[in-house]
Every structure is written in C-alpha cells, then in structure tokens.
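Below you'll find the structure, written out as structure tokens, and then a few comments.
Bear in mind these aren't lab numbers, they're just calculated from the coordinates by the rules spelled out. Just so we're clear, the structure is a prediction, and the values are computed from it rather than from any experiment. Counting neighbours? That spans all protein chains shown, and the Cβs are built from the backbone with ideal geometry, glycine included.
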Amino acid sequence: MLQINNLHATVADKPILKGLSLSINAGEIHAIMGPNGAGKSTLSYVLGGRPGYAVTGGSVTLTPTAARPELVEGPSLSSSDGEGKNSPSTSSGQTGLGEVDLLSLDPHERAAAGLFLGFQYPVEIPGVSNVQFLREALNAQRKARGEEPLSGGEFLKRARAQADAMGMDMEMLKRPVNVGFSGGEKKRNEMVQMGIIDPALAVLDETDSGLDIDALRIVGDGINRIMRRPDKAVLLITHYQRLLDYVRPDFVHVLAGGRIVRTGGPELALELEREGYGEVIA
C-alpha cells in the first residue's frame, strides 16, 4: 500500500526527516509516536504535499488496491509539469507494478490516488458549506479517476448515512466548514468527511488532540468503521496511548530525530506511556 524509503525533508532549510523508512500493507493500522519535534507532523505534511516542506531525498510510493484499479490506469493522476511539487523526482507519477510516485503528484492528485489527510487542527472555511465542499471534492476525485459524478440526491444519501453513523445532525453539514464548531465537532466532522470520500489510505495527525472521553470513543469508532478493511490502511500519528485503546494498531513505531528508531506491537505504546520516551529510545 505505502512504501517510504529513506525519506529526507527540510522546513525552512532545517533538516527534519533524516532517512525515515516505513512500509504499510493494505489491511494494516500503524501508529507513530514520538516526542515533540521528532518530525511526526512533518511526515504527514510531506505525504499530503503541503507547501514549504521540501523533500531532499528518498521516495514514497502508493500502490492502489485491486478494488480500485482506476487509480493506476486513470488519465489524470499526474501533472504535465513539475512545478509546485515537493519532490526532486521528475517522473510522470507512475513507477510500474501499479505503484504511484506520491511525491511527484500535486495535493489534489494525491487525494484522487486515495490519500486522506486528517489535521491536528482542522481548518475553517467561511462561506463554503460542508455539503458544497464535500460534493465538489468527491466529484473532482471521481472525475480524476474516470468515474461518473454523483448526483445531488446520491451525494446527500451518502452524506446522511455518514453523519448518522457519527451521531452528527445533517444541519451541521449545511453550515460553513468547521466555522463555529467545537474541537470535538471538528474532529467528528472530519470523520464524516473521511467516510464520504472513502480513501484507501488515511494519515491522521493527532486526531485525538483536544477530545474528551466520549468524543475520543466516537472518533475511534469512526476510524474503525470506515478504515478497518482489507483494502485500506491507516497511519495514526499521536502523542498518547489513549487513542490506541479504541483503534488497536498492528504496529507501533517510535519516531525520534527524524527517523524511526523502534518498532513493536500495541504493547510498545503501553511501554511508552509507562516509561516515557527517554527511557524507551535511550
């Protein structure tokens, strides 16, 4: 599904990622934990293609699942020029064997290839309703993959199902994106967005940040319901073990100094919670 090989990245010419390698297979949930400044959020921004995060070495490939072959064969997953990319690569976006060179794609192309990025602090978009935003985003991705757009009725049926599953009033989807939402409502809204978009790979950056006990359970249940499938994968980035009580990972990685320094199972998160980062990565 996702292969990261010897990834190096800088922010404002400061090296942050220093040879990070990671392999995530379809059907797996991976958690990355680490101290402040380790490079966790930088990794998510590099994968999402955020401007200002420069890749100076390494590669990232995404292999779409067999259930969605159009992601590889579709006509518009790569741009005709290399401007705006955060990768030194100049490839067309395809590397052979069904792999997509993620770093060669613009952010909207990465989304069409099946990537979803969840933010620690979801942004507000005044003047644009959730319904309008999500329908345009979904149909743009479907067009890029050569699929027919959803009609208004089809989209509202999908949106209502996802909102109901998250216990979210449909009236909230008519409001401007995240405007006036509490922290918990923003994260719940993000899960609704993920359910509607239905990505192959979700990178969730500190999704548990600012959540109370009930909201944490609801968000955790949403991640499991939407993404725990044989043809999907999740990369959870978190400081704390508490989210992993609800979303049990297959692997836990410790990120420190810009690279992964230790990997284990769910018990590693408990060890980190008990001993702290200093003891575990010493």
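Looking across the stretch 245-255 at every residue that is of a type outside the set (Phe, Trp, Tyr) and surrounded by fewer than 19 Cβ atoms within 10 Å (Cβ to Cβ), the one that is farthest from residue 9 (Cα to Cα) is identified as 245. Flag: residue 175 does not match the condition of being of a type in the set (D, E, K, R), over 15 Å from the mean Cα position of the chain (by Cα) and either buried (at least 19 other Cβ atoms within 10 Å of the Cβ) or over 28 Å from residue 129 (Cα atoms) (or both).
Going by the structure shown, is residue 44 on the phi < 0 side of the Ramachandran plot and either surrounded by fewer than 16 Cβ atoms within 10 Å (Cβ to Cβ) or in a loop (DSSP other than H, G, I, E, B) (or both)?
Working: on the phi < 0 side of the Ramachandran plot: yes; either surrounded by fewer than 16 Cβ atoms within 10 Å (Cβ to Cβ) or in a loop (DSSP other than H, G, I, E, B) (or both): no.
The answer is no for residue 44.
For residue 247, indicate whether it is part of a loop (DSSP other than H, G, I, E, B) and on the phi < 0 side of the Ramachandran plot. So that I can check it myself, show each step before the final result.
Working: part of a loop (DSSP other than H, G, I, E, B): yes; on the phi < 0 side of the Ramachandran plot: yes.
Taking the combined requirement at face value, the residue satisfies it.
Would you check if there is a residue in the stretch 221-233 being touching a His at 6+ places or on another chain (Cβ under 7 Å) and either under 30 Å from residue 150 (Cβ atoms) or surrounded by 15 or more Cβ atoms within 10 Å (Cβ to Cβ) (or both)? Give the steps one after another, and end with the answer.
Step one: of the stretch 221-233, the residues touching a His at 6+ places or on another chain (Cβ under 7 Å) are none.
No - not one qualifying residue is present in the stretch 221-233.
Looking at the stretch 99-166, the helices (runs of 4 or more DSSP H) lying wholly inside it that each contain 1 or more residues that are within 29 Å of residue 42 (Cα to Cα) sit at 107-112, 130-144.
Applying the condition of being under 26 Å from residue 142 (Cβ atoms) and not aliphatic (A, V, I, L, M) to the stretch 191-220 and asking which residue is surrounded by the most Cβ atoms within 10 Å (Cβ to Cβ) yields 207.
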